[in-house]
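A short reminder: the numbers here are calculations on the coordinates, not readings from a lab. Bear in mind the structure is a predicted one, so any value in this text is a computation, not a measurement. Don't worry about glycine lacking a Cβ; one is built from the backbone with ideal geometry, like all the others, and counts go over all protein chains shown.
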Amino acid sequence: MTADESHEAWLAVFAAVTAAPADARRAACPNCGHFAVRFQYVADATSKVGFCALWCENCGHGHTLARTKVPDGIDFLPLETSEEDLRAAIPSFWDATAETSLADDLKERLEDATARATSWHEVYKRLRELVPEGDEQRHRALIWAFAYDLISPDETDRLAREGSVFGAMFEFAEGRMPPRLAEVPDEDVAVWMAAFEAVPALAVRSRIGDLLWSRKAQPAAHRKAREACEALIDLSRLEAWDALEQTEGLVRALNLSRELNDEALMRKVAERVVEVVEKELGREDRPGISFRLLRALVGLPQTLRPKQLMELVRRSAATYGKDPHHLESAIELEAVLTSSPDDRRALRVRQAELWRDKASEAEGILRVSFLEKALDVARTHGLADLARDLRVEVQGLTEEDLDLKTISTEVEIDREEIERFHAAFVQFDSWQTSLAAFGAYGPPGGDIAAIERQVAEQMKNHPLQYLIRTVVIDPDFGVPVFHAVDDDSHKLAAMAQSQWMASQFWAVSAVAILERFVAHYGRPSREHLTEFFTSTLVDTITAERIALAFELWWDDRSDESAHVLVPRLETSIRNAAREVGLPIIREPYGGKPGGVRPLGELLHQLRGRFASPGWHAYLLHLLVDPLGLNLRNVVAHGVRARIERTDAALLLHAATFLRLVEVQKTDGPA
Amino acid sequence: MTAKTIDDMVTRAELSLPEDLRIEIDERRDLRGRQLYGYTWPDGLRVTLYPDAFQTEEELIRTLAHELTHVRQVRSAGATTDSVVLAAREREAYAEEEHQWRSYLERQ
């Protein structure tokens, strides 16, 4: 900080360096004391009247003087010099005398807020209390500075979203506080700049120095990063400072020194981190602190890692190893540090066995979760034998083992309305029109874009439920088939659930409509039904089987109905693919025989070819999506003892829809 | 180099001074002959004149006109250290001193 960075002090520098013969080395910077002062005149080309800028190349402080005249023998830039050349000749500098200095009342409040504060958050709270009513706008830069949440290096999504290590304290539908670092107006950055120079408190230098560095605010952003780094080390020594912020601060200091590519600083921070970990290992109650710091050290380039790091990691396993999660953390770190592939493999086996043991002690879904964790470790690290054994263990679990609870909810629907809806399908003069109306209804769940919007809205309005890992269990096998862990996977699971509910709801009506159909029109003969179903995509032989499926369903033989129908649905969809010019067979390749392409592949290829994307999504859901009803695979793989009446009704509905599909050739692809 | 000299010159050159502006004189010897004439403080409330501003009548009128332009600039848009803005402000201040000096000569 400045000893005497006044206008007078800079005048003395001006007098010294411009005295003939001019020599910039003749005076030290009044701020940092380094002999790194430079000066540049910018003046009218004829009269040589203009200004003289003086600045220090070491600390980035400076001052300007005008009106001056350029002394003889000194080079100057004309006033008309281009912006680019002016900026190249005179770097941005900090002028302590300029109006951008921190206003006295702001300085006083910042000093009050930081005095004896125990965390950045406390500085934020105190500042808010100290700001006089109506004067919030002038103080907002300072309040923002301490409101930011320092994002951990593990939170990669958030880091990417924020574009810096500083995250919002609050995010609302309408906005956030504070703004993204890149969106903070320059005038507020100028206040930070002034605050950094005016208030030497560690809380200010660590936080605002880092903000200025992360924002790449000139001048001397590097110097501020270094000072922030040193301040973070000093904060870690302050007994009163919040332990969690000390830890986050040290992790940040290590990253700051890496961003600066300053090895000496990296070693200095690493030394302090080791000291803190050593101290923490003496107590068992705060494993989070040790592991965060150890993780940061392990992340250093190998040559800069402290020598005792492996020993510290092993001690952490001994200190906190009673908890499997902590033991796993220690194993993870040791696996990174060890150079022997055999040792690494042995560590991974130990890690997988750790969860397997834990599973044997647990019950219900927790047991599955631990076994899956073990399987995940084995699979990720190429432990094939162990993975196979674990897979068998997971498959051996029954639905009863999961000990799941049913959550139900009731929605009241007006009986008359339902009645009107069902009656509408049998209001026609002919059974053919009635069945065609049945096939034309849908897609159940509606337009896929609407489902997507509805799910997005739901995720926005109820974000908490989408933060928790969700496991989708296969209803037939009782094993997990999907893990929703992030926004995308949660969205996928939520959409599948929404489609599932819509199709279940429709299935009840489909059953009622098909029953009402027979009651109203009587059963059409096989011959008539065959004739009805024969269409562009459905040949007569297939149509006859579909007719049989209807008869079986009406005979209350829904399982047989589904088994007859599913291959015929596949035939119809394959016909559609062929009609639009998609390959439906696979040629033999090398030693591998050819054959028909599976239904899932065909349906995915048909994306965008259906007039209604909703129907395409529904058919995927109904027939081949593992998160959906997946009835084609359920039937073909024999995984369900009996296909229920409702599911079979949905298949009949799909067959009736496919009968209505016509292929239209266009100029482009069909 | 007195306040009276300044008052006389302001009157003769018909310069308009804001009421709340304070003009100070810095007489330090080490700045004599260093071709530093004036300085407008970042608050826009003070102007300091240095010894070389009093060398001639022309230099004093020009310096006063020049610094008064800076006072106006600082009061309307704040102080700056941006070299591009400084150059633009300097062009305006130099044009103003030229204008005031020529007007003064015409009136004589």
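On a full-extension model of 0.36 nm per residue, what is the gain between A:Glu284 and A:Leu150, subtracting their alpha-carbon distance, rounded to one decimal in nm?
Numbers: separation 134, 0.36 × 134 = 48.24 nm, distance 2.55 nm.
Between A:Glu284 and A:Leu150, full extension yields 45.7 nm more.
Report the GluC sites (Glu not before Pro) located in the stretch A:75-168 that are in a DSSP loop and have at most 12 other Cβ atoms inside 10 Å of their Cβ, or state none.
On the way: sites: A:Glu80, A:Glu83, A:Glu84, A:Glu99, A:Glu108, A:Glu111, A:Glu122, A:Glu129, A:Glu133, A:Glu136, A:Glu155, A:Glu162; in loops: A:Glu80, A:Glu99, A:Glu133, A:Glu155.
Passing both the DSSP loop test and the Cβ count: A:Glu80, A:Glu133.
Got a sec? How would A:Met501, A:Met459 order by Cβ neighbour count within 10 Å, fewest to most? If you can, show how the numbers build up before the last one.
Details: A:Met501 12, A:Met459 15.
Arranged by neighbour count, lowest to highest, A:Met501, A:Met459 become A:Met501, A:Met459.
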HN-Hα couplings for the stretch B:16-29 via Karplus (6.51, -1.76, 1.60; θ = phi - 60°), in whole Hz with x for Gly/Pro, come out as 9, 9, x, 4, 8, 8, 10, 10, 10, 10, 9, 9, 4, 5
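Order these peptides, B:47-59, A:641-653, by their mean beta-carbon neighbour count within 10 angstrom, highest first.
On the way: B:47-59: 18.9, A:641-653: 20.5.
Result, highest mean Cβ count within 10 Å first: A:641-653, B:47-59.
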Taking 7 Å along the Cα-to-C-beta vector as the label spot, tell me the A:Ile407-A:Leu464 distance in nanometres, rounded to one decimal. 1.2 nm
Hey, with R₀ at 41 Å, roughly what FRET efficiency would A:Leu159 and A:Arg350 work out to, going by the Cβ-Cβ distance, to 0.05? 0.85
Expected unfolding gain across A:Glu515-A:Ala317 under the 0.36 nm per residue rule, minus the alpha-carbon gap, is 64.7 nm
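Normalising by the residue count of the stretch A:394-520, find the relative contact order in percent from Cα pairs under 8 Å and 6+ residues apart.
Working: 86 pairs, mean separation 39.8, N = 127.
In percent, rounded to a whole number, it is 31.
Which order do the peptides B:1-7, B:31-37 take when ranked by the mean count of other beta-carbon atoms within 10 Å per residue, highest first?
On the way: B:1-7: 12.3, B:31-37: 19.7.
In descending order of packing, they fall as B:31-37, B:1-7.
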Simple spin-label model, 7 Å along Cα-to-Cβ: A:Glu83 to A:Asp135 in nm? 3.6 nm
Report the FRET efficiency, 1/(1 + (r/R0)^6), for A:Asp487 and B:Arg91, where r is their Cβ-Cβ distance and R0 is 60 Å, rounded to 0.05. 0.65
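Counting other beta carbons within 10 Å of each Cβ, put A:Asp447, A:Asp210 in order, fewest first. List each step's numbers first, then the result.
Details: A:Asp447 14, A:Asp210 28.
The fewest-first ordering by Cβ neighbours comes to A:Asp447, A:Asp210.
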Could you pull the Rg and Dmax for the stretch A:76-207, using just the Cα atoms, both in Å? 17.4, 54
Jot down the radius of gyration and Dmax of the stretch A:216-275, Cα atoms only, both in angstrom. 11.4, 34
Non-local amide H neighbours of A:Arg586 (under 5 Å, H modeled in plane, Pro and chain starts lacking H): which ones? A:Gly595, A:Val596, A:Arg597
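Please state the relative contact order of chain A as a whole percent: Cα pairs under 8 Å, 6+ residues apart? Numbers along the way, then the final one.
Details: 883 pairs, mean separation 44.2, N = 670.
Relative contact order of chain A: 7 percent.
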Taking the convex hull of the alpha carbon atoms in the stretch A:402-522, what volume per residue do you get, in Å³? 152 Å³
Residue list for the stretch A:344-366, given a label point 7 angstrom along the Cα-to-Cβ vector of A:Asp389 and an amide N cut-off under 12 Å: A:349-350, A:352-354, A:356-357
Can you give the average number of partner chain beta-carbon atoms within 10 Å of each beta-carbon in peptide A:60-71, as a whole number? 6
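Using r as the Cβ-Cβ distance of A:Glu239 and B:Ala3, and R0 as 51 Å, what FRET efficiency do you calculate, to the nearest 0.05?
Working: r = 58 Å, r/R0 = 1.13.
Efficiency at R0 = 51 Å is approximately 0.30.
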Links exceeding 23 Å between C-alpha atoms in this model, out of A:Lys322/A:Lys358; A:Lys224/A:Lys268; A:Lys358/A:Lys491; A:Lys48/A:Lys216; A:Lys460/A:Lys491, come to A:Lys358/A:Lys491; A:Lys48/A:Lys216
By how many degrees, between 0 and 90 and to the nearest 10, does the Cα long axis of helix A:202-214 differ from the longest principal axis of chain A? 70 degrees
Over the stretch A:288-424, the quotient of the Cα radius of gyration and 2.2 N^0.38 Å is 1.63
Measure nothing but the geometry: give the 0 to 90° angle between the long axis through the Cα atoms of A:558-579 and the longest principal axis through the Cα atoms of chain A, rounded to 10°. 60 degrees
At A:His604 and A:Glu662, where each label point lies 7 Å from the Cα along Cα→Cβ, what is the point-to-point distance in nanometres? 3.2 nm
About the Cα centre, and with charges only on the beta carbon of Lys, Arg (+1) and Asp, Glu (-1), how big is the dipole of chain A? Nearest 20 debye, please. 1640 debye
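Based on other C-beta atoms within 10 Å, arrange A:Asp539, A:Asp285 from fewest to most. Let's see the in-between values first.
Details: A:Asp539 15, A:Asp285 8.
Going from sparsest to densest Cβ surroundings: A:Asp285, A:Asp539.
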Every cysteine in chain A with no other Cys Cβ under 4.7 Å from its Cβ, please list them in numeric order. A:Cys52, A:Cys229
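Beyond 33 Å, what percent of the Cα pairs of chain A remain? Walk me through the numbers before you get to the answer.
On the way: 148782 of 224115 pairs.
The answer is 66 percent, as a whole percent.
Please go through the stretch A:404-464 and write out the trypsin sites (Lys or Arg not before Pro) that DSSP classes as loop and that have at most 11 other C-beta atoms within 10 Å. List each step's numbers first, then the result.
Numbers: sites: A:Lys405, A:Arg415, A:Arg420, A:Arg453, A:Lys460; in loops: A:Lys405.
Sparse-neighbourhood loop trypsin sites (Lys or Arg not before Pro): A:Lys405.
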Inter-centroid distance (Cα atoms) of the stretch B:1-66 relative to the stretch A:411-474, Å: 84 Å
